[in-house]
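Report on one structure; see the data block that follows.
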Amino acid sequence: MSSDIRPDLQRSPRFESCEERLALSAQPLADLLTQALQTQAQGSQFTQTYNQQSIQAVHANYGFQGKGQTIAVIDSGIAWDHYALGGGFGNGAKVVGGWDFAENDANPYDDGGAGFHGTHVSGIIGSEDPNVRGVAPGVDLVSLRVFNDQGAGSMEWVEQALQWVHQNRNRFENPITAVNLSLGSAWNSSTVPGWATLEDEFAQLKTDGIFISVAAGNSFAQYKTAGLAYPAVSSSVVPVASHGASGQLSGFSQREARVLVAPGENIRSTAPDHLFTGGATGQFLGSSGTSMAAPYVAGASALLREAYEFIPDICRLGRQSLRRSHQRLVQPNQSRPGHLQRD
Ligand SMILES: [Ca+2]
Ligand SMILES: [Ca+2]
Ligand SMILES: [Ca+2]
């Protein structure tokens with residue numbers, strides 16, 4: 001299976017202008033797309049291989065896949081027709097719903113010339129492909145689109161999207177338990193900027209019990225000192241920095257003492273069809289950034305929540321196991337039941 005990235009996307013000026021524009025509003029898309037192409041050119045998939053081994057080991061050893069939960073991806077939309085993201089939209093699909101705040105319509109598809117980022121993030125959370133598997137392939141997804149076809153975003157749309165999550169958190173078959181924000185505005189501090197507008201929405205979602213994972217920001221090389229972008233710096237969210245294949249912090253990654261650190265270099269994940277020539281569908285691309293690290297943590301939060309919900313079952317199984325042990329003392333030939341174990 002071969003596929004080529006559209007030639008017009010391979011010209012770097014497109015991404016440079018994208019980066020400048022985003023620095024004024026929300027910074028996420030630029031470096032990621034640029035590095036996606038670099039990764040494609042270099043063919044480096046070392047981090048990806050390492051990640052896949054870890055992810056598949058967790059799924060195989062513990063059986064948790066994030067089932068019963070929905071994660072809201074506030075981003076550039078989701079190309080929900082990708083087979084690894086369920087291939088559909090709405091009730092019964094993997095991408096169960098959402099809203100497009102940029103176009104004010106009910107189809108938050110990751111389209112336009114700039115579409116890519118939200119689809120890639122979503123695959124890191126929940127891709128169902130057996131070889132390029134997301135952290136929580138059992139989760140449902142909600143797509144809340146806050147970047148337009150040109151890749152320009154707005155904090156006002158993000159604010160509306162967070163309010164939407166609160167209002168719709170119990171509307172779907174599985175409740176929204178986490179939000180991923182792989183975006184941010186230029187800022188590097190340990191305190192929230194005076195122009196912050198999302199703090200009341202974050203506080204509400206925290207009260208709702210919803211986990212919020214936010215990319216730490218990609219501008220460490222610019223600031224050269226500890227600090228986080230906004231909204232990563234908010235005390236109501238979990239900021240996520242990026243590391244590379246050997247575990248070192250990525251050179252681009254903003255950081256602070258309280259960050260979680262997740263893989264964020266050369267991460268291979270789902271890509272929209274429009275990026276490819278020749279009618280290629282269901283493709284994957286590598287990309288780098290704290291935007292790739294945050295969804296690892298969002299997905300992991302779904303696995304943890306599933307594990308916590310499993311604890312009552314563990315206690316119950318524990319009691320059964322004790323009873324069985326006692327029975328074995330009485331009936332030494334009784335075989336040990338194996339199908340209940342998850343360790
Ligand atoms: Ca739309
Ligand atoms: Ca559009
Ligand atoms: Ca607000």
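If we scan the stretch 115-126, do we find a residue that is more than 16 Å from ligand 3 (Cβ to nearest atom) and farther than 20 Å from residue 294 by Cβ?
no
Given the criteria surrounded by fewer than 24 Cβ atoms within 10 Å (Cβ to Cβ), away from ligand 3 (no atom under 16 Å from the Cβ) and within 16 Å of the chain's Cα centre (by Cα), does residue 137 qualify?
Working: surrounded by fewer than 24 Cβ atoms within 10 Å (Cβ to Cβ): yes; away from ligand 3 (no atom under 16 Å from the Cβ): yes; within 16 Å of the chain's Cα centre (by Cα): yes.
Taking the combined requirement at face value, the residue satisfies it.
Could you list, ordered by first residue, the pairs with Cβ atoms under 8 Å in which the first is in the stretch 192-216 and closer than 25 Å to residue 306 by Cα and free of Cβ contacts under 8 Å to residues at least 60 places away in the same chain and the second is part of a helix (DSSP H, G or I) and among the basic types (Lys, Arg), at least 6 apart or interchain?
Short answer, once both residue conditions are applied: 212/206.
Which fully enclosed strands (runs of 3 or more DSSP E) of the stretch 137-189 have 2 or more residues being in contact with a Leu (Cβ under 8 Å, 6 or more places away or on another chain)?
By residue number, 185-189.
Report, by residue number, each residue of the stretch 193-208 that is more than 8 Å from ligand 3 (Cβ to nearest atom) and either at positive phi or part of a helix (DSSP H, G or I) (or both).
202, 203, 204, 205, 206, 207
Given (1) within 16 Å of ligand 2 (Cβ to nearest atom); (2) aliphatic (A, V, I, L, M); (3) crowded, with 21+ Cβ neighbours inside 10 Å, where does residue 152 come up short, assuming only one miss?
(3)
Among the residues of the stretch 209-221, which ones are in contact with a strand residue (DSSP E or B) (Cβ under 8 Å, 6 or more places away or on another chain) and not in a loop (DSSP other than H, G, I, E, B)?
211, 212, 213, 214, 215, 220
Before we move on, is residue 92 away from ligand 2 (no atom under 16 Å from the Cβ) and either modelled with pLDDT of 95 or more or out of contact with any strand residue (DSSP E or B) (no Cβ under 8 Å at 6 or more places or on another chain) (or both)? Full working, then the answer.
Values: away from ligand 2 (no atom under 16 Å from the Cβ): yes; either modelled with pLDDT of 95 or more or out of contact with any strand residue (DSSP E or B) (no Cβ under 8 Å at 6 or more places or on another chain) (or both): yes.
Yes: the conditions hold for residue 92.
State all residues of the stretch 100-120 that are farther than 16 Å from residue 270 by Cα, more than 9 Å from ligand 1 (Cβ to nearest atom) and crowded, with 21+ Cβ neighbours inside 10 Å; if no residue qualifies, say none.
Selection gives 101 alone.
When you check residue 16 against the structure, is it of a type outside the set (Gly, Ala, Ser), surrounded by fewer than 23 Cβ atoms within 10 Å (Cβ to Cβ) and modelled with pLDDT of 50 or more, yes or no? It would help to see each step written out before you state the result.
Values: of a type outside the set (Gly, Ala, Ser): yes; surrounded by fewer than 23 Cβ atoms within 10 Å (Cβ to Cβ): yes; modelled with pLDDT of 50 or more: no.
No: the conditions fail for residue 16.
Residue check, residue 129 against (1) over 15 Å from the mean Cα position of the chain (by Cα); (2) closer than 29 Å to residue 249 by Cα; (3) within 16 Å of ligand 2 (Cβ to nearest atom), all met but one. Which one?
It is condition (3) that residue 129 fails.
In the list 105, 75, which residue meets the criterion of being within 19 Å of residue 289 (Cα to Cα), away from ligand 3 (no atom under 16 Å from the Cβ) and of a type outside the set (A, V, I, L, M, F, W, C)?
Testing whether each residue is within 19 Å of residue 289 (Cα to Cα), away from ligand 3 (no atom under 16 Å from the Cβ) and of a type outside the set (A, V, I, L, M, F, W, C) leaves just 75.
The values are calculated or read from the model by the stated rules, or taken from the named source; none is laboratory data. Quick caveat: nothing in here was measured; it's all calculated off a predicted structure. Backbone-built Cβ (ideal geometry, glycine too); neighbour counts: all protein chains shown.
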